[in-house]
1. Name the one entry in A:85, A:79 that is within 19 Å of residue A:115 (Cβ to Cβ) and modelled with pLDDT under 85.
2. Mind counting the residues in the range B:251-274 that are in a helix (DSSP H, G or I) and either surrounded by fewer than 20 Cβ atoms within 10 Å (Cβ to Cβ) or not polar (S, T, N, Q) (or both)?
3. What do you reckon, is residue B:250 among the hydroxyl-bearing types (Ser, Thr, Tyr) and closer than 24 Å to residue A:8 by Cα?
4. Just give me the residues in the range B:349-364 being closer than 19 Å to residue A:101 by Cα and buried (at least 20 other Cβ atoms within 10 Å of the Cβ), in sequence order.
5. Is there a residue in the range A:9-16 that is among the β-branched types (Val, Ile, Thr), more than 9 Å from chain B (Cβ to nearest Cβ) and in contact with a Gly (Cβ under 7 Å, 6 or more places away or on another chain)?
6. Cβ-Cβ distance below 7 Å, separation of 6 or more or different chains: which pairs start in the range A:34-62 with a residue that is closer than 16 Å to residue A:91 by Cα and end on one that is in a helix (DSSP H, G or I)?
7. Kindly indicate whether residue B:562 is under 30 Å from residue B:261 (Cα atoms), surrounded by fewer than 18 Cβ atoms within 10 Å (Cβ to Cβ) and not aromatic (Phe, Trp, Tyr).
8. Condition (residue is assigned to a helix (DSSP H, G or I), at pLDDT 90 or above and within 29 Å of the chain's Cα centre (by Cα)) applied to the range B:434-448: is it met by at least one residue?
Amino acid sequence: MNPDATTIAAGAPIEVDLTPIASGQDIKVFWRGKPIYIMNRTKKQVDEARQVPVSSLPDPATDQSRVKEGHDQWLVVIGICTHLGCIPIAHEGNYDGFFCPCHGSQYDSSGRIRQGPAPANLAVPPYQFVSDSKLQIG
Amino acid sequence: MSGPSDYQPTNPVLQWIERRLPIFGLMHSSFVAYPTPRNLNYWWTFGAILSFMLGVQILTGVILAMHYTPEATMAFHSVEAIVRDVNYGWLMRNMHASGASMFFFAVYVHMFRGLYYGSYKEPREILWILGVIIYLLMMATGFMGYVLPWGQMSFWGATVITNLFSAIPYVGDSIVTLLWGGYSVGNPTLNRFFSLHYLLPFVIAGVVVLHIWALHVAGQNNPAGVEAKTEKDTVAFTPYATIKDLFGVSCFMILFAWFIFYMPNYLGDADNYIPANPGVTPAHIVPEWYYLPFYAMLRSIPNKLAGVVVMFSSILILVFLPWLDTAKTKSCTYRPLAKQFFWIFVIVGILLGYLGAQPPEGIYVIAGRVLTFCYFAYFLIVLPLLSRVEKAKPLPNSIADDVLAKTGRKTAPMVSTVIALMIAGALFAGSTQNARAAEDETPPSQTWSFSGPFGKFDRGALQRGLKVYKEVCSACHSLNYIAFRNIADPGGPGYSEAQAKSFAAEYKIKDGPNDQGEMFERPGRPADYFPAPFPNEQAARAANGGGLPPDLSLITKARSYERGFPKFIFDFFTQFQEQGPNYVDALLQGFEDKPPPGVTIPEGSYYNKYFPGHAIKMPKPLSDGQVTFDDGSPATVAQYAKDVTTFLMWAADPHMEARKHLGFQVFVFLIIFAGMMYFTKKKVWAEAH
């Protein structure tokens with residue numbers, strides 16, 4: 001009952017053009033049936049994510065470890081709440097990040113869990129920068 | 001205590017069969033000669049009711065499966081096709097959907113009856129455990145069945161429930177992938193859920209056979225909780241229990257028919273009339289009502305794994321009940337303390353159900369934790385403790401004695417009544433507070449020609465509404481499920497077939513490819529569907545500032561608002577179900593040029609009083625004098641809104657008149673039938689008392 005060959009083949013990597021995403025905006029693309037948020041963070045959002053003491057987080061991780069060096073403003077996360085799989089809404093909640101409407105989990109501008117029942121941070125999918133304006137997910 | 005069969009067939013064919021396979025003898029000893037305690041009350045008829053419901057579900061389900069398509073892009077459409085186009089498809093679907101709710105309602109009564117009368121105690125432990133297994137199978141079946149229509153609630157319910165398994169350490173994620181058959185809930189998930197949903201009812205039927213077998217070995221429990229000893233304690237299953245069960249079933253069918261014919265969507269969720277969309281989570285995911293208590297327990301625990309463990313334990317704990325409650329006395333009738341706690345437990349269960357439907361915030365979370373504790377305390381603290389300290393009242397010597405001493409034994413459960421009243425009062429106070437806050441945004445209730453048990457669509461309003469849709473709404477909104485032929489259908493706008501034909505001919509329909517391989521346009525035919533204004537979702541969004549004008553075929557069923565406690569209980573009796581039309585009507589009239597102070601509306605959106613969030617992408621669509629009516633009705637926004645809403649209600653529920661008409665006939669029949677069963681039962685039992 002594991003995924004069949006077609007399903008696996010359809011899950012191959014995809015490329016995303018980043019030029020249309022202005023600072024402070026985000027897009028949602030689908031990869032393997034999962035929504036992936038690609039967020040072009042503002043300076044304020046990056047600073048907020050880096051100033052919070054890591055040890056105070058429920059699932060400690062530095063912002064640096066969740067983004068690619070040299071592309072610090074780009075946050076790429078799987079938009080599936082780690083609680084029960086709903087899709088959080090971007091740019092909502094108290095932490096300038098994501099808010100899940102189902103059970104009230106709140107994530108910060110680095111996609112880290114800050115409040116609510118979710119046990120872990122939003123997952124970071126495998127991805128790399130092909131060029132400064134092109135991203136490959138998968 | 002299997003029945004002493006005196007089955008002696010006289011017919012030579014039956015004798016021939018009986019010597020080779022004694023199946024008729026088995027039937028005879030199980031359902032005719034089988035001795036049943038003579039003091040059983042009507043709570044015992046729920047066993048028969050459940051068998052009846054299982055039969056109904058399997059029968060309607062097999063018929064529905066003949067018309068259903070388990071494919072992610074077609075499932076929602078095929079369910080609508082069943083309801084609209086299949087002969088009596090609406091009846092089959094309503095029976096199956098509300099049948100699931102009735103099945104669960106009956107099983108809860110059956111379980112609480114077992115709990116109250118101690119039917120799980122020695123020698124009926126295996127009988128009880130088989131019942132818990134049936135209940136678990138029912139929950140799995142019901143959940144997978146709810147996924148099949150592939151609406152928003154189906155999809156997101158499936159997502160939330162399958163994600164529960166990801167909480168299991170180490171193997172959780174692999175299990176979830178196995179359930180999905182992919183990287184997320186999708187077409188493979190739907191396919192396997194359909195397969196399992198078809199399989200499990202037959203597994204249930206198999207376990208039901210074991211359940212009845214175990215019942216016939218141990219014998220039925222009874223309200224007195226003393227075992228049958230002599231022949232005076234029992235009566236033959238047929239005719240005594242059979243006729244009583246028939247009466248019980250016929251009364252239950254009256255309740256069932258109320259849902260099928262008059263309140264088919266009362267227990268459903270409006271969001272499930274929106275096709276599944278993996279990109280948008282509904283604001284408020286709620287399971288079907290029969291899972292709500294367990295959902296409330298899941299949500300009240302702040303840790304994911306612990307929440308899942310608590311939820312599953314709350315059901316599995318039932319398996320251990322025979323060893324948790326060790327009191328010798330079975331029936332709570334003779335256990336003054338256990339009786340009080342039983343009723344408190346019932347109230348705890350109902351309140352947990354109420355909390356499961358509320359948003360998980362503030363006081364609701366705290367109340368959920370307290371009640372979850374109460375739920376487990378009943379099994380782990382109260383029952384074991386009571387078995388030790390409680391002093392039971394004297395039991396009757398035999399069932400026959402119990403029947404003779406029946407008169408003058410009524411003690412009101414004082415404490416629990418007071419508690420129930422207090423809780424109802426608290427709920428009422430809480431909801432009025434909520435209601436006061438939301439009062440401005442709740443659409444006003446209108447009078448609709450189609451409400452109530454004898455409601456009919458106003459033909460004039462339908463025709464005017466069609467005109468408004470055609471001249472105004474259809475510029476942006478599709479009506480995908482309605483064909484031109486439908487406007488000549490009985491119970492519809494009342495056009496003739498010729499009128500429908502000429503109405504269709506006014507449209508240009510894209511057809512093809514022709515012999516040259518090219519698409520071409522031709523005049524519409526009655527079998528064509530209303531053409532959509534935009535070729536695809538992206539085009540629709542691009543033309544409407546990013547907003548997607550929703551399809552209007554189901555809009556009056558897909559929109560709703562909270563009614564709150566206790567209104568939703570009264571709604572059941574008054575058959576109020578016009579939230580959708582009220583909302584659509586209010587929305588069309590709810591535009592205001594200037595938002596109230598303190599509310600800012602983003603560029604490109606408009607303020608609407610009744611739209612959730614108030615910022616709607618649709619500009620005010622209707623203005624006075626925009627559409628002229630031939631019948632002299634006023635050309636006002638209020639009139640347009642009312643007419644187009646009536647038209648859209650018909651579009652969402654085209655067989656409503658047939659449904660209510662048949663419903664009335666079924667009711668007359670059922671009431672007469674139940675009356676006949678009652679008097680037959682009285683006559684049959686007259687000699688037994």
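The values are calculated or read from the model by the stated rules, or taken from the named source; none is laboratory data. In this text, all values refer to a predicted model and were calculated from it rather than measured experimentally. Note that each Cβ is placed from the backbone with ideal geometry, even for glycine, and that neighbours are counted across all protein chains shown.
1. Matching residue, one of A:85, A:79: A:85.
2. Start the filter on the range B:251-274 by keeping residues that are in a helix (DSSP H, G or I), which leaves B:251-262, B:270-273.
Within this subset, residues satisfying the condition of being either surrounded by fewer than 20 Cβ atoms within 10 Å (Cβ to Cβ) or not polar (S, T, N, Q) (or both) are B:251-262, B:270-271, B:273.
Within the range B:251-274, residues that are in a helix (DSSP H, G or I) and either surrounded by fewer than 20 Cβ atoms within 10 Å (Cβ to Cβ) or not polar (S, T, N, Q) (or both) number 15.
3. Here the answer is no, as residue B:250 does not meet what is asked.
4. Of everything in the range B:349-364, those that are closer than 19 Å to residue A:101 by Cα and buried (at least 20 other Cβ atoms within 10 Å of the Cβ) turn out to be B:355, B:356, B:358, B:360.
5. yes
6. Partner pairs satisfying both residue conditions: A:49/A:63.
7. It is true that residue B:562 is under 30 Å from residue B:261 (Cα atoms), surrounded by fewer than 18 Cβ atoms within 10 Å (Cβ to Cβ) and not aromatic (Phe, Trp, Tyr).
8. To start, the set of residues in the range B:434-448 that are assigned to a helix (DSSP H, G or I) comprises B:434-441.
Filter once more, so that each one left must be at pLDDT 90 or above: none.
No, that holds for no residue.
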